[in-house]
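A short write-up of the structure that comes next.
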Amino acid sequence: MPQPFIVTAALPPDLAGFAEGLRRAHYPPERNHLHAHVTLFHAFAPSLREELADYLPKIAAEFAAPEGAVKGVMDLGTGTAIALEAPQLLALREGIAEHFHGSLTAQDLVEPRPHITIQNKVTKDEARALQSRLPALLAPWLAKPPFAFPALELWHYRGGPWERVKACAFRGSARL
C-alpha cells in the first residue's frame, strides 16, 4: 500500500527517553528514522485519512490513558524490542479495529504483542548479544509501577521517515 497511515501509542517521556537512547546505540543509523513508539496499526489506506483524523480524537477524549508495564526482552529474530504488558491498550486497539472492520490489512488483523523496537535488521548474532545484555538495563523498569500511555498518534508513512499528522492526548475518564 503506497504511503499508508500508521497509528501508534506515544510513550511517557521517561520511558521514551530511555528507549531513544537504546535505539541510538543499537539501531542501524541509516534505518533509524523514527522515535520510540508502540505500533497499534501498521497500514491504513490513504482514503481513511479524514476518518482516522476525526475518530482518534474522539477515542482519546472518551478514555483515560491506558496503563502499561515493561515486561522484558522480546526477540524479533534480526532485532530486539522491549516487551510491554498493556491489556488496556490492547482493549482500546480492539475497539478501533472494530470501528475500521473491513479496512484492516492482514498484518493488522493479528492481535499485536505490544513492544518498543530498539534494534532491527541486524544479524542474529548482534541481536542475541544485545538480548543477553538488556535484562540488566531493564531491571529498574521491571520494578516500576505501571505507566500511562499519554496519547494516540497518527502518522503518514513517507517511504522511511513518518510524518506526524496528529497526536490525540487521552483526557477522558472511561476505563477499559
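The values are calculated or read from the model by the stated rules, or taken from the named source; none is laboratory data. Small disclaimer: the values here were computed from a predicted structure and weren't measured. Please note: Cβ atoms are built from the backbone with ideal geometry, for glycine as well, and neighbour counts cover all protein chains shown.
Data overview
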read-out: Strands (runs of 3 or more DSSP E) contained in the stretch 1-116 and holding at least 2 residues in contact with a helix residue (DSSP H, G or I) (Cβ under 8 Å, 6 or more places away or on another chain) and under 15 Å from LEU154 (Cβ atoms); value: 5-9, 38-44
read-out: Single unsatisfied condition, LEU56 versus (1) exposed (fewer than 15 other Cβ atoms within 10 Å of the Cβ); (2) more than 28 Å from GLN131 (Cβ to Cβ); value: (1)
read-out: Test set (1) more than 24 Å from VAL73 (Cβ to Cβ); (2) touching a strand residue (DSSP E or B) at 6+ places or on another chain (Cβ under 9 Å); (3) not in a strand (DSSP E or B) - LEU152 fails condition number; value: (3)
read-out: Residue in the stretch 84-140 that is farthest from PRO4 (Cα to Cα), counting only those that are surrounded by 13 or more Cβ atoms within 10 Å (Cβ to Cβ) and among the hydroxyl-bearing types (Ser, Thr, Tyr); value: THR117
read-out: Top-ranked residue in the stretch 25-36 [being closer than 20 Å to VAL73 by Cβ and free of Cβ contacts under 8 Å to residues at least 40 places away in the same chain; ranked as surrounded by the most Cβ atoms within 10 Å (Cβ to Cβ)]; value: ASN32
read-out: Some residue of the stretch 86-100 being closer than 22 Å to HIS33 by Cβ and of a type outside the set (Asp, Glu); value: no
read-out: Residue pairs meeting the criteria (Cβ under 7 Å; at least 6 apart or on separate chains; first under 12 Å from LEU134 (Cα atoms) and acidic (Asp, Glu), in the stretch 12-24; second modelled with pLDDT of 95 or more and buried (at least 19 other Cβ atoms within 10 Å of the Cβ)); value: none
read-out: Any pair with Cβ under 9 angstrom, 6 or more apart, that starts in the stretch 37-61 at a residue that is at positive phi and in contact (Cβ under 8 Å) with a residue 60 or more places away in the chain and ends at one that is in a strand (DSSP E or B) and among the β-branched types (Val, Ile, Thr); value: none
read-out: Qualifying residue in the stretch 124-143 (condition: modelled with pLDDT under 95, outside any strand (DSSP E or B) and more than 17 Å from LEU89 (Cβ to Cβ)); value: no
read-out: Filtered residue count, the stretch 107-164, keeping only those that are farther than 22 Å from TYR55 by Cβ, aliphatic (A, V, I, L, M) and in contact (Cβ under 8 Å) with a residue 40 or more places away in the chain; value: 9
read-out: Of the criteria (1) in contact with an Asp or Glu (Cβ under 7 Å, 6 or more places away or on another chain); (2) among the charged types (D, E, K, R); (3) more than 18 Å from PRO87 (Cβ to Cβ), which one LYS71 fails; value: (3)
read-out: Residues being out of contact with any Cys (no Cβ under 9 Å at 6 or more places or on another chain) and under 21 Å from ASN120 (Cβ atoms) - total across the stretch 133-176; value: 16
